[in-house]
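To start, the structure itself, in structure tokens.
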Amino acid sequence: MYKRSAVLSLFLPAALLLSQSVSAAPTTGQWQALNVQLSQQHILPRYQALASSSEQLKQATASLCQQPGEGQLNASRNAFHQTMDAWQGIQHIQFGPVEFLMRNFSLQFWPDKKNLTSKQLNALLSAKDESSLNADYFRGASIAVKGLPALERLLFSDKSLTPYGCQLTHAIATNVSLMSHEIAQDWESQQLPRIDSAPDGSDYYEDSIEASTELMKALVEPVEVIRDLKLLRPLHKSAQKAKPRRSESWRSERSLRNIRINLAALAELYRGSDTSSVKALLQAEGQGALAQTIDNHFDALDQQLAAIDNTLFNAVKDAKGHQQLRDIATQMKALHSELEQAMQALDIQLGFNSRDGD
């Protein structure tokens, strides 16, 4: 019979190997460092960029009303694109100040399944009511007419060149600028302190892990949203039955541009900085292969999107383009699955997805 010491010696090497191969979950300190880094270096600068670009859009539409013409219209359209770029780059953050007073939906009411924006805009344009041009009106106005989709309809048609149409365009741009500035200011003055105080617990976050969970939801869930709404919805069943008008921002021909910006923002959120990132946490957990697979997947998706030499509006109706987009949707499903695996490895419980059951 083996002595007790001999039995222990037989099992000790296996126990050591097991302990070396299984890492503990990231500490609250590691999560807090990531929370602060992402909030200060990823989220706040992007909201500040939105505030800056929307201010330029406000000024451009003011100039358009003063000097209507193709030159000023093109300047306003360029300013719209810059603002939309900035919004698409922070669209994945759906918590905090952007939720207050439904600012997220007010900035972009989409998908608009009942075409409410066009219907309500046309009603405003027909009525030509001067009272609909002030800040008081927009505080209580429908979300369908107070944000970027409404501006797109006006700027990428001849409606913004009529006197009242231009005034309405400027009024909506002013509202977008106001909301954007308020979100950026509230992030700096309210949300950052909440994240800083998360380790001690507060009436907003119970601890650092709760704050991290919100940030990780902002990394994982948008991949599914982009795939389902921005790709599969207009693709529909086949190229012959495609629904191109379901595409986001199709009037301004920037549907694919939106998706590339969305994914680039998520890639940056994943990669973080040299000192703190989701990728680094995965590597520290012994998940280096998964970490690199996710990283490579972001790059591959961007290359696939760049290879489409058409607008999404036309690509969904074309056999080749339709298949390319199908392939991208498949790859996005795989990326979403990989990110979910990453959350399991990091012991982050994402919990209820608001889109479940839709």
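The values are calculated or read from the model by the stated rules, or taken from the named source; none is laboratory data. Keep in mind the model is a prediction, meaning the values are calculated, not measured. Using ideal geometry, Cβ is built from the backbone for each residue, glycine included, and neighbour counts are taken over all protein chains shown. The area values use the complete protein model at the heavy-atom level, side chains included, leaving out ligands, DNA and RNA. Shrake-Rupley method; radii C 1.70, N 1.55, O 1.52, S 1.80 Å.
So in the stretch 155-165, with the set limited to residues that are part of a helix (DSSP H, G or I) and more than 21 Å from Trp250 (Cα to Cα), which one is least open to solvent (accessible area, probe 1.4 Å)? Looking at residues that are part of a helix (DSSP H, G or I) and more than 21 Å from Trp250 (Cα to Cα), I get Tyr164.
Yes/no matrix, rows are residues, columns are (1) under 30 Å from Met216 (Cβ atoms); (2) open to solvent by 70 Å² or more (accessible area, probe 1.4 Å); (3) hydroxyl-bearing (Ser, Thr, Tyr):
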{"residue": "Gln59", "(1), (2), (3)": "no, yes, no"}
{"residue": "Gln66", "(1), (2), (3)": "no, yes, no"}
{"residue": "Thr83", "(1), (2), (3)": "yes, no, yes"}
{"residue": "Leu124", "(1), (2), (3)": "no, no, no"}
{"residue": "Ser131", "(1), (2), (3)": "no, no, yes"}
{"residue": "Arg153", "(1), (2), (3)": "no, no, no"}
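Looking across Gln82, Gln120, Gln108, one residue alone is touching a residue at least 24 places away in the same chain (Cβ under 8 Å) and either under 15 Å from Val225 (Cβ atoms) or touching a Pro at 6+ places or on another chain (Cβ under 8 Å) (or both). It is Gln108. Would you confirm whether any residue within the stretch 276-285 is within 15 Å of Ile226 (Cα to Cα) and surrounded by 15 or more Cβ atoms within 10 Å (Cβ to Cβ)? For the stretch 276-285, residues within 15 Å of Ile226 (Cα to Cα) and surrounded by 15 or more Cβ atoms within 10 Å (Cβ to Cβ): absent.
Going by what's in this entry, would Gln40 be described as farther than 20 Å from Ala135 by Cβ and either in contact with a His (Cβ under 6 Å, 6 or more places away or on another chain) or open to solvent by 10 Å² or more (accessible area, probe 1.4 Å) (or both)? Criteria met by Gln40. For the stretch 290-342, residues that are aliphatic (A, V, I, L, M), more than 18 Å from Leu232 (Cβ to Cβ) and out of contact with any Leu (no Cβ under 8 Å at 6 or more places or on another chain) total 3. Count of the stretch 86-118 residues, restricted to those that are open to solvent by less than 40 Å² (accessible area, probe 1.4 Å) and either among the hydrophobic types (A, V, I, L, M, F, W, C) or in a loop (DSSP other than H, G, I, E, B) (or both), is 13. Of the residues making up the stretch 235-252, those that are open to solvent by less than 30 Å² (accessible area, probe 1.4 Å), of a type outside the set (S, T, N, Q) and not in a helix (DSSP H, G or I) number 3.
Residues in the stretch 212-256 that are of a type outside the set (Ser, Thr, Tyr) and touching an Asp or Glu at 6+ places or on another chain (Cβ under 7 Å): Val220, Lys230, Ala239, Arg251. Closer than 25 Å to Arg77 by Cα and either surrounded by fewer than 19 Cβ atoms within 10 Å (Cβ to Cβ) or touching a residue at least 60 places away in the same chain (Cβ under 8 Å) (or both) - does that describe any residue in the stretch 184-201? Yes. Looking across Leu256, Leu232, one residue alone is in a helix (DSSP H, G or I), of a type outside the set (Gly, Ala, Ser), in contact with a helix residue (DSSP H, G or I) (Cβ under 8 Å, 6 or more places away or on another chain) and surrounded by fewer than 21 Cβ atoms within 10 Å (Cβ to Cβ). It is Leu232. Of the residues contained in the stretch 127-148, none is found to be of a type in the set (S, T, N, Q), in contact (Cβ under 8 Å) with a residue 60 or more places away in the chain and in a helix (DSSP H, G or I). The condition of being at pLDDT 60 or above and either open to solvent by less than 80 Å² (accessible area, probe 1.4 Å) or not in a helix (DSSP H, G or I) (or both) holds for only one of Ala15, Ala51, that being Ala51. Every condition in (1) over 27 Å from the mean Cα position of the chain (by Cα); (2) surrounded by fewer than 24 Cβ atoms within 10 Å (Cβ to Cβ) holds for Ala144 except the one numbered (1).
Of all residues in the stretch 315-330, those satisfying the criterion of being of a type in the set (S, T, N, Q) and surrounded by fewer than 16 Cβ atoms within 10 Å (Cβ to Cβ) are Gln323, Thr330.
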